[in-house]
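> Structure below; questions to follow.
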Amino acid sequence: MTWLEGIQIFIVATIAMLIFTAATQGYFFARNRWYETVLLLLIAFSLFRPGFWMDRIVEPYQQIAPQALVQAADDIAPGTELRFWIDGEDAVGNQRSFLANLVLGEGADGAERLANTGVELLENNGKTVVDFVAFDSAAERAGLAFDQVITGVEAPQAQPAKQLMYIPAGILLLGLIALQRRRRNALAKLTPAEA
C-alpha cells in the first residue's frame, strides 16, 4: 500500500463514519425520513466495503474443474493462491468439508507447479483425490492430506478497481444532500406559526 492509498482510505473512512453517524442520529442536513436513513446506511456500507458490491458484479474467482486443474495450472502464474474445496476426514475420522488456500509453486508447467507445492493428485472414478502430500510442504500446511477429495478449485481473476463503487455511492449521496437541503430551505422559509 502506498501513502496515497493510505490517505485515500483515511478520507473515505472518515466520510463513511460521518454518514453512518448522520444515519444513526436521524439528522443529516434536515431530519431524516426513514428511507433517507436507509440510504445513508447503504452509502456508508458502500464506502466501507466497496469490494462487497464489486464481487457481485464481477466474480473474484474463476471456477476450475478439479479434473482440469493440472492443465489449468499451466496458465496460472507461480505464486498465485488457489482455493481448494475439500471433502475428507479429520484426525478423528469424522467427515468434514473445508476450504484450503494453496500457493502455486514454481515450475515449467502445471504438473511441476503442483508437485512443488508438495501435493500429488489422482483421478479415481471421476473424482480428483489427494494421492500424496509431502511432509512440511505448502500443501500440508494448507491442510491437505492423503485420500481427501477435491470438489472444487478457484483461481483469482482480474476485477475492476473496487473504488469504482465510490461513484454510485457518491451520486446517491449528492442526490440525498440536494433533497435534504431543498427541504431544509423550504422549512426555513416558513414562519414559526406555519411550522
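The values are calculated or read from the model by the stated rules, or taken from the named source; none is laboratory data. These numbers come from a predicted model, not from an experiment. Here the Cβ is made from the backbone with ideal geometry for all residues, glycine too, and neighbour counts use every protein chain on show.
> Which of (1) loosely packed, with under 14 Cβ neighbours inside 10 Å; (2) at positive phi; (3) of a type in the set (G, A, S) is the odd one out, the single condition S97 does not satisfy?
(2)
> Here is a further query. Which residue pairs have Cβ atoms closer than 8 Å, lie 6 or more positions apart in sequence or on different chains, and pair a first residue in region 66-87 that is under 13 Å from A115 (Cα atoms) with a second residue that is assigned to a helix (DSSP H, G or I) and at pLDDT 85 or above?
From residues that are under 13 Å from A115 (Cα atoms), the pairs are L69/L114; V70/L114; A73/R113; A73/L114; P78/R113.
> Mind checking which residues of region 38-66 are β-branched (V, I, T) and at pLDDT 95 or above?
Just the residues of region 38-66 that are β-branched (V, I, T), to begin with: 38, 43, 57-58, 64.
Within region 38-66, V38, I43 qualify.
> Out of I19, I9, I need the residue that is free of Cβ contacts under 8 Å to residues at least 24 places away in the same chain and under 24 Å from A161 (Cβ atoms). Which one?
Working: I19 fails: free of Cβ contacts under 8 Å to residues at least 24 places away in the same chain.
That would be I9, the only listed residue that is free of Cβ contacts under 8 Å to residues at least 24 places away in the same chain and under 24 Å from A161 (Cβ atoms).
> Going by the conditions given, is A16 of a type in the set (G, A, S) and at pLDDT 90 or above? Steps first, please.
On the way: of a type in the set (G, A, S): yes; at pLDDT 90 or above: yes.
In short, yes.
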